[in-house]
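K.L.:
To start, I am sharing the structure in question, which I have written as structure tokens.
The values are calculated or read from the model by the stated rules, or taken from the named source; none is laboratory data. As the structure is a prediction and not an experimental result, all values here were calculated from the model. For neighbour counting, all protein chains shown are included, and Cβ atoms are generated from backbone atoms with ideal geometry for every residue, glycine included. Accessible surface areas use protein heavy atoms only, side chains included; no ligands, DNA or RNA. Shrake-Rupley method; radii C 1.70, N 1.55, O 1.52, S 1.80 Å.
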Amino acid sequence: MEEEAISKSVAVTACTAMALLYVAILHAPTVILRLPPPPSFNSFMIRRFICAAISSVLSLLICTLILPIRSKEASILFDVYGIRVDHIWQAVVFPVSLTCLMYAGSMVLKALLLVDKWRERVSRGEELSYEYIQGSLQGFIDSIISVASNVSAWRNYVVAPLTEELVFRACMIPLLLCGGFKPYTAIRLCPIFFSLAHLNHLMEFYSKQNFSLIKTFMVVGLQLGYTVIFGSYASFLYIRTGHLLAPLVAHIFCNFMGLPKLFSRRNGMVSVAFVAGMGGFLWLLFPMTHPDLYNDRSDSCKCWHGYCSWS
């Protein structure tokens, strides 16, 4: 593989095409193929899952054809896309720990709610019994089973993160870096394509907001802002670690937590925790994503062309 083996215009054009392809294939069954609407929500989501999988495979094929990869062996291709089996625990534990810091306010709020719930039990004279613990554990297990069988949960925690990270990180970043873009430029560009793909929710938001353009643009603007921030963070993780699993687990965690809690009217500790967490996040951002943590030697790292060695 050679540096700047493709032009910047080719790299940007290919990334734009993949972003549009991702959205187009999702709507292809009804808009292009004119298939009848699915009989149920589950059927609709399963159809979407299949479309997202097809889009991801096509994007991987497009990149394989465009990128100047001398060897088409599976192991080489997997390394190019950051699909690796080495340093797995580092690629899971460090990014999740780092991402948790951004949600310090949310976690403190959840802890405060649990404390309030416990105080209510104590005020009613209810004691901590074996039956109560057993019932709580059973309720927790039931909730996990319920989530595992929920098609929306599969979309939020499996299909969407996996396909989006494959297309918008594993495919696009190697193209941009090989096209001669600097890492920081690639980090700024990738979220733009990522946000483009989320504009397909515009009509959905429009109907949910009672066809109010102002409310729709406010909701879409908030979502685009969030996707740009997260897209930049995920791209940073991918470039620094050379491991697709790093942005993938961060994506799943963020989908689970939702937007971070910045403040709470009932307790100022939430804001203090958020500020402290963000301070810790910024302080540990580079140390916890150092290439040496995810590669045996940074001079022979497995990410695209050694680009993760930048500091």
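K.L.:
With a 1.4 Å probe and all protein chains kept in place, how much accessible area does ASP116 have, in Å² rounded to the nearest 10?
P.N.:
About 40 Å², rounded to the nearest 10.
K.L.:
Turning to a different aspect of this structure: Using a 10 Å cut-off on Cβ atoms, rank the peptides 181-187, 38-44 from the highest mean neighbour count down.
P.N.:
On the way: 181-187: 17.6, 38-44: 11.9.
Output ranking for 181-187, 38-44: 181-187, 38-44.
K.L.:
Search the structure for amide H atoms under 5 Å from the amide H of GLY180, placed 1.01 Å from N in the peptide plane, and list their residues when 5 or more places away or on another chain.
P.N.:
When sequence neighbours closer than 5 places are left aside, the close amide H contacts are GLU4.
K.L.:
Let me ask you something else. Can you pull the one-decimal nm distance between simple spin-label points at TRP89 and TRP118, each 7 Å off the Cα toward Cβ?
P.N.:
3.0
K.L.:
Right, next: Just the Cα atoms of region 145-184: what Rg and Dmax do they give in Å?
P.N.:
Rg and Dmax of region 145-184, Cα atoms, are 15.1, 47 Å.
K.L.:
Between ALA276 and THR13, 0.36 nm times their residue separation minus their Cα-Cα distance comes to what? Let's see the in-between values first.
P.N.:
Values: separation 263, 0.36 × 263 = 94.68 nm, distance 4.09 nm.
Result: 90.6 nm gained on full extension.
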